[in-house]
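> Here's a structure for you.
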Amino acid sequence: MPLHGLPLTFSDLAASLADHPPADIPASGLTPAAVALILREGGEGLEVLFIERASHDGDPWSGDLGFPGGKIEPGDAGPRAAAERETWEELGLDLAAARCLGRLADIAGAHVPIRVSCFVYGLAGNPPLMPGGEVRDVFWVPLADLRDPVRHTAAAVSFDGEAFERPAILLPAEGKPVLWGLTYRLIMQFLAVAAGGCGPEGGMVDGEIEGNG
């Protein structure tokens, strides 16, 4: 999936996101949540931050890869404030000092009634990360690896005790599970927008893009 005009800059991405205003989806019956897709400038171009969630009994996302984020609480000023609060709680990272580049289209869960809003941030420098108890690990992946077609596959995964085969990305991180489900859908939408396309519809869920959540 070639991205036009590589190397990409934060300004390039902000312009692409501005050209594709996020589509909203009905919130009726869905729990609102928000996540942060965080980028930094690495040695080989832009890199994306991922977390590996800690394992907890009763948590359907236990041990999965994702972005920092969580449910929108009554005290949050909105979805963006929730994403920033959750990032601080999970990683000790204050996104107030980062550049918000834009927002992706909301997506709905396939197996859990949840609506996820995703905000994209450009991070200056390399501030320390302090994972809390909800996070097993945090790591960065070059954007070039995420768009490498060799890494895109169909993988056997499980969610809440059920087994599936779903589209996924093999990350260049030893010992990590594949990237699939909600976070995979957000990454694919982000890559499409960055390449100049509109990406999959945020609210659509079908056999090709459904996943954990």
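The values are calculated or read from the model by the stated rules, or taken from the named source; none is laboratory data. Here the structure is a predicted model, which means the values were calculated and not measured. Note that we place each Cβ from the backbone using ideal geometry, even for glycine, and neighbour counts take in every protein chain shown. These accessible areas exclude ligands, DNA and RNA; they are computed on the full protein's heavy atoms, side chains included. Shrake-Rupley method; radii C 1.70, N 1.55, O 1.52, S 1.80 Å.
> Go through the stretch 63-74 and give me each residue that's over 25 Å from P177 (Cα atoms) and buried (at least 17 other Cβ atoms within 10 Å of the Cβ).
Matches in the stretch 63-74: I72 only.
> When you scan the stretch 151-168, do you find a residue that is surrounded by fewer than 21 Cβ atoms within 10 Å (Cβ to Cβ), among the hydrophobic types (A, V, I, L, M, F, W, C) and not in a strand (DSSP E or B), even just one?
So far as the stretch 151-168 goes, no, none of its residues is surrounded by fewer than 21 Cβ atoms within 10 Å (Cβ to Cβ), among the hydrophobic types (A, V, I, L, M, F, W, C) and not in a strand (DSSP E or B).
> Follow-up question, since we're still on this one. Pick from the stretch 127-150 the residues that are outside any helix (DSSP H, G or I) and of a type in the set (A, V, I, L, M): which of them is surrounded by the most Cβ atoms within 10 Å (Cβ to Cβ)?
V141
> Specify which of the listed residues (A83, A124, A77) is at pLDDT 95 or above and surrounded by fewer than 20 Cβ atoms within 10 Å (Cβ to Cβ).
None of the other options fit; the residue is A77.
> Condition check: under 14 Å from the mean Cα position of the chain (by Cα), modelled with pLDDT of 90 or more and open to solvent by 10 Å² or more (accessible area, probe 1.4 Å). Does V178 satisfy that?
So V178 fits the description; yes.
> Got a sec? Which of A194, A163 is small (G, A, S) and under 24 Å from G42 (Cα atoms)?
Checking each option against the conditions leaves just A194.
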